[in-house]
Each structure stands twice: as structure tokens, then as C-alpha cells.
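Below is one structure, written out as C-alpha cells; comments come after it.
The values are calculated or read from the model by the stated rules, or taken from the named source; none is laboratory data. A quick note: this is a predicted structure, and the numbers were derived from the prediction, not measured. Methodologically, a virtual Cβ is constructed for each residue, glycine included, from the backbone with ideal geometry; neighbour enumeration extends over all protein chains shown.
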Amino acid sequence: MPTDPMRTDKKARKPLPPGATLGVLGGGQLGRMFSQAASKMGYRVCVLDPAADSPAAEVSALHIKAGFDDPVALAELAEVCDAVTTEFENVPADSLRFLQNSIPVSPMPEAVEIAQNRNREKTFFKEHNLPVNRCAAITEASQIAAAFESMSGKAVIKTARFGYDGKGQQVCTSAAEVESAFAEFGGVECILEDFVPFDCEVSVVLARDIHGNVETFPVVENQHINSILDLCIVPARVPAAVLEKAQVIAASLAEALDYVGVLAIEMFVCGESISLNEIAPRPHNSGHYTMDACNYSQFDQQVRTLVGLPVARVDLHQPAVMLNVLGDLILANGFDWSNVQSVSNAHVHIYGKSEARVARKMAHINLLGDNVASLMAKAKSLKQL
Ligand SMILES: Nc1ncnc2c1ncn2[C@@H]1O[C@H](COP(=O)(O)OP(=O)(O)OP(=O)(O)O)[C@@H](O)[C@H]1O
Ligand SMILES: [Mg+2]
């Protein structure tokens, strides 16, 4: 078998035909929606995930039940599949490197490694002149006082790795508070970020194909509750100049990474200026609106870039508001899906998780309509259901 087909024969590579098998590392809801998009295009999907029942395996042809670093399972995946992607950003980069020796892998391990560590991520942004707020790596308690002193008086300490939904981070207003949070996190590598007094948060999801063509989806405005994404608004309610700047920054980041696949970029907006928060080397919760509001979804683009097809040009059919449905809601008294499913133009996507838990993402709802103001009103009344 040729070595590194993704890199050496990029231009010569012919798209994989329908009937080919695509691997996905991770069995969560992102893997499930990837699998659904792939099957629509005639591909079979093989999921690698240690859980016996997972949202992705439930809708896929094959499931290898093993850990992401299991050498036997990885060899089997390489044998069974014609190309592999990931839905889970903490997959070991060495597993991707191993797979890359025999089949195309996107995104590439180098980009995944950057996204896995907040310090690497911020260093990469700075090296490529991408806008980023003040921050400092913290590997020892002795670095904290000077780092805090260089900031505005309010800062966020975050573990460099494995954070999600605001876990492993704390807002602090003194160096002493940062020190105790650092100790509480077990003294693991952290980053200290100056607190950004943002007007709003936005994200850009994009796809870049093996030929280097980039297609960005419309900019999304993101609202969080308890650090978990609650609601997404498209188009984002920011000045046109900010929309354009966000897409330009996102595309140049993808170029700088020589990225192939779907990439999500989270940003803070202050007036007309933007600073980068973090990236995810995969489809993103804030891109779920694309499933109903666009001609192609972020998962369609993930399949296309993986099989070697050109990225599709994207159009937004209609403004959209996406609502996340957490386990809390499903556990609440009297919760009934049919209430939501009876609302017109509310597209419900249920992930098939066996158990609802507090703060667990169970489903999302895409509301489509003529304008964002009426969609926000509809979202509010839907929440009251
Ligand atoms: N430097 C900062 N200044 C102000 N607010 C911040 C800062 N960093 C993070 N936040 C807030 O905390 C939220 C979560 O932070 P971040 O995106 O870094 O963490 P995460 O755990 O990876 O979250 P997710 O999994 O939702 O992307 C951000 O969306 C933002 O609302
Ligand atoms: Mg985030």
C-alpha cells in the first residue's frame, strides 16, 4: 500500500466512490450525524469507540468496540476502511499517524495536536499573526503572579488539555485565586487568559478540501448558559464588517494549518474587533443549524473532504436559531417530545443516547424562519414548553 496517500498524492487522488467504507474515531452525536450524511451519499461507516452502545454505532454499518489507542483495533480499522476521520478531538495523534501510514486521514494529526492543547493553539495563532488576547502558559505556580500582573485584573485560568463545556476553568480576580485554582486542577499545565469583556461570541465553521479550496459557513452567534452552548443565531447580529473579518480570519487559519476537513473557530467580538478563543478540528455544535438551514451541512462537507471531493459551495436558505436540548430538560417532569415536534419549522435531531443526564447534550432543535427576531421569540416560547 502507498504511504501517506493524503500527503503525497493529494492532487492525483481520485474521490472514493460510493460503497467505500469511512472510519470515524468516536461514537458520539457528531459521529452519528457524520454517519447519517455518509450513508446518504452511499458510503458505509465504521465507528471506533469503546462504548458498547453509542449514538454513532447505532446508525453505522460497523462498530469496532475498542479504545482509541488499541493497536489491534487501529490495524483492523485501517484494514476495513478506505479513509478515516475523527469526531472526538482528544483522540491520540499517534493513532491518526498510525492510520495515515495506510489510508487517507483527515484532519491530519498535526492540526489535531494543536487543537488539543490551549497553549499550542494560542502560540500557533500568535505565530501566524492571528488576533488573540493576552495569555500566558502556566506550568508552575511561581509563574502566576507575574502573569496575572500583566493582565487586566480579571483573568481565566484553564487547563491546557481536556476542557469542554467550561470544565477545567475558573474566572479569577487575584493572583491568589489563580494559585488556588491551579492547585485544585492538580498542578497540570494551564493557560491564563485575560478576561475578554466581549459584546458577543461568534464562531465560523468551514471546510477545506485536499486541493486547498475553502468554504466557510455563515457566521454564528453563540449564547451560553453555565458555560454550555445554549443557543445559536444565524446570521450573527454583528456589523457586516465583523462578519467578513471573521470569515477571513477563519480561512487564513485553515490555510496556515494546511487543514483538510471541517474546522470550527470560536471567537470573541468586542465592537468591531475580534480575538480568537479556540478551535475544534471537527464539526461543531454551533454548526448544527447547517443541517436544515443550508444547502449542505457541516457533516456533508466532512464526508466530501474526507473522500476527496471538492468542498460544496454553501448557501443559507433561511435565518435559523438552534437550541440545544440537555438532559436536564428531559429529566424534568412532564417533558414530552411531541410538544416540540408539533411546532412548525422546528427540526428536531435526537442523538439516541440511552440515558439522560444533567448537562448531557441529548438533541438539538433547528428553528427556521424569515427573521432572527421572530425566531428568538419562537425559541423563548419553545423553552417554556
Ligand atoms: N478569556 C475569556 N474571557 C471571557 N470569557 C471567556 C474566556 N474564555 C472563555 N470564556 C467563556 O467561557 C466559555 C467556555 O470557554 P472555552 O470555549 O475556552 O472552553 P470549553 O470548555 O472548551 O468550552 P466548549 O466546549 O463549550 O467550547 C466561552 O464560550 C466564554 O463564554
Ligand atoms: Mg469553547
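Below is a table of values for the structure above.
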| quantity | calculated |
| --- | --- |
| Failed condition for Ser275, given (1) away from ligand 1 (no atom under 13 Å from the Cβ); (2) assigned by TED's automatic domain parsing to the domain that holds Ala373; (3) in contact (Cβ under 8 Å) with a residue 60 or more places away in the chain | (1) |
| Residue list for the range 212-235, filter: assigned to a strand (DSSP E or B) and either within 15 Å of ligand 2 (Cβ to nearest atom) or at pLDDT below 95 (or both) | Val220, Glu221, Asn222, Gln223, His224, Ile225, Ile228, Leu229, Asp230, Leu231, Cys232 |
| Where a residue in the range 123-138 is at negative phi and its partner, wherever it lies, is within 16 Å of ligand 2 (Cβ to nearest atom) and of a type in the set (D, E, K, R), with Cβ under 6 Å and at least six apart | Val132/Lys122; Cys135/Lys122; Cys135/Glu193 |
| Near pairs, Cβ below 8 angstrom, 6+ apart or cross-chain, from the range 163-174 (on the phi > 0 side of the Ramachandran plot) to any residue that is more than 12 Å from ligand 2 (Cβ to nearest atom) | Asp165/Ala359; Gly166/Asn226; Gly168/Thr159; Gly168/Phe162; Gly168/Phe185 |
| First in the range 345-373 and within 15 Å of His288 (Cα to Cα), second anywhere and exposed (fewer than 13 other Cβ atoms within 10 Å of the Cβ), Cβ under 9 Å, 6 or more apart | Val348/Trp337; Val348/Gln341; Ile350/Trp337; Ala363/Trp337; Leu368/His317 |
| Asp209 vs. criteria under 19 Å from Met151 (Cα atoms), at pLDDT 95 or above and more than 16 Å from ligand 2 (Cβ to nearest atom) | no |
| Those strands (runs of 3 or more DSSP E) lying entirely in the range 277-369 with at least 3 residues closer than 30 Å to Val196 by Cα | 320-326, 361-368 |
| Tally, over the range 312-329, of residues that are buried (at least 18 other Cβ atoms within 10 Å of the Cβ) and more than 20 Å from Pro235 (Cβ to Cβ) | 2 |
| Members of the range 205-227 that are within 14 Å of ligand 1 (Cβ to nearest atom), β-branched (Val, Ile, Thr) and out of contact with any strand residue (DSSP E or B) (no Cβ under 7 Å at 6 or more places or on another chain) | Ile225 |
| The range 159-199, residues that are of a type outside the set (D, E, K, R) and in a strand (DSSP E or B) | Thr159, Gln169, Gln170, Val171, Cys172, Cys190, Ile191, Leu192 |
| All positions within the range 266-293 that are more than 16 Å from ligand 2 (Cβ to nearest atom) and not charged (D, E, K, R) | Cys270, Gly271, Ser273, Tyr289, Thr290, Met291, Ala293 |
| Which listed residue is among the hydroxyl-bearing types (Ser, Thr, Tyr), surrounded by 18 or more Cβ atoms within 10 Å (Cβ to Cβ) and outside the structural domain of Asn277 (by TED's automatic domain parsing), from Thr139, Thr123, Thr159 | Thr159 |
| Residue within the range 162-170 that is surrounded by fewer than 18 Cβ atoms within 10 Å (Cβ to Cβ), more than 16 Å from ligand 1 (Cβ to nearest atom), farther than 20 Å from Gly31 by Cβ and of a type outside the set (S, T, N, Q) present | no |
| Exclusive hit being within 17 Å of Glu266 (Cα to Cα), within 11 Å of ligand 1 (Cβ to nearest atom) and assigned to a loop (DSSP other than H, G, I, E, B), set Val132, Val156, Val238, Val202 | Val132 |
| In the range 276-297, residue surrounded by the most Cβ atoms within 10 Å (Cβ to Cβ) [restricted to those that are under 14 Å from the mean Cα position of the chain (by Cα) and closer than 14 Å to Asn366 by Cα] | Gly287 |
| Residue in the range 59-82 that is at pLDDT below 95 and more than 25 Å from Val171 (Cβ to Cβ) present | no |
